[in-house]
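Notes to accompany the following structure.
No lab work stands behind these numbers, since they all come straight from the coordinates. Note that the structure is a prediction, hence the values are computed from the model and not measured. FYI the Cβ positions are ideal-geometry reconstructions off the backbone, even for glycines, and counts take in every protein chain you see.
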Amino acid sequence: MVLVAITIAGVVASSAVILGGVASSEGAGSSLPSVVLPPGCVRPEGGYLVVLSKYGYNDSILEGAGPTKAWPVITVQQGSVVSITVCNADTTESHGFQVETYYDSKIVAVAPGEVLNVTFVATTAGTFQIYCAIWCSIHLFMQYGQLRVMP
C-alpha cells in the first residue's frame, strides 16, 4: 500500500515538473543549469554524448520529456556503428543507461563522475527506448529517450 502511494505521488509530482519543464525550457535561455562534466566526457567522433545529471538525460526534465515527448533522440541509419559516450555529471546519485534491443542484456549503473562508452551496430530498423533501469530521484524523467534506426 505504501509503494502504491509513493508511486502515485511520484507520478503526480512528475506531471507537474514535466509541465513546468516545458515552460522553463522554452524561456530559460542562458539561465539553464550548468554541470561539471567528468574527465573523459567527450562526444566521440561521429557519435553521441549523453550526460546524466539531476536534470535527467541531456536535461530531459527541462526539455519536457515525458510520454508525449521523447528526449534525447538519437537518429541513425540501419547498419551504422553507433558510439555513445555516457557521462554521469550528478555528484550524488548513480543513474542507469539502457538502449532497448541494443544495450540491455544487463542493468547498467553509471556512478557519479563515471564515463561509459557504448558501441553497437544498429542492425534492426525501428524506434527503441533509451531508459534508466535503476531507481533514482528523477527516474521517471529518464524513461523517454529514443534511438531511431532508419532503414
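Treat each spin label as a single point 7 Å out from the Cα along the C-beta direction, and report the Ala133 to Phe120 distance in nm.
Placing both labels 7 Å beyond Cα along the Cβ direction yields 1.0 nm.
What does the charge add up to near Phe120, with Lys and Arg as +1, Asp and Glu as -1, over the other residues with Cβ less than 13 Å from its Cβ? Working shown, then result.
Working: positive: none; negative: Glu100, Asp104.
Here the charged neighbours net out to -2.
Please identify the trypsin sites (Lys or Arg not before Pro) of segment 35-128 that satisfy two criteria: DSSP loop assignment and at most 13 other Cβ atoms within 10 Å. Which are they? Walk me through the numbers before you get to the answer.
Details: sites: Lys54, Lys69, Lys106; in loops: Lys54, Lys106.
Filter output for segment 35-128: Lys106.
Can you pull out the chymotrypsin sites (Phe, Trp or Tyr not before Pro) in segment 59-129 that DSSP calls coil and that have at most 11 other Cβ atoms within 10 Å? Write out the running numbers ahead of the final one.
Numbers: sites: Phe97, Tyr102, Tyr103, Phe120, Phe128; in loops: Phe97, Tyr102.
When the chymotrypsin sites (Phe, Trp or Tyr not before Pro) of segment 59-129 are filtered for loop state and at most 11 Cβ neighbours within 10 Å, nothing remains.
In which sequence would Trp135, Trp71 go, from the one with the fewest C-beta neighbours within 10 Å to the one with the most?
Working: Trp135 10, Trp71 23.
Result, fewest neighbours first: Trp135, Trp71.
Quick one: Ile107, Ile138, fewest Cβ neighbours within 10 Å first, how do they rank? Let's see the in-between values first.
Values: Ile107 11, Ile138 20.
So the residues, fewest neighbours to most, are Ile107, Ile138.
Starting from 0.36 nm per residue, how many nanometres of slack lie between Gln78 and Lys106 once their C-alpha separation is accounted for?
Working: separation 28, 0.36 × 28 = 10.08 nm, distance 2.33 nm.
My answer for the length gained is 7.7 nm.
Could you list Thr101, Thr92, Thr127 in order of exposure, starting from the residue whose Cβ has the fewest other Cβ atoms within 10 Å? Before the final figure, lay out the partial values.
Working: Thr101 16, Thr92 8, Thr127 13.
Ascending Cβ contact count within 10 Å gives the list Thr92, Thr127, Thr101.
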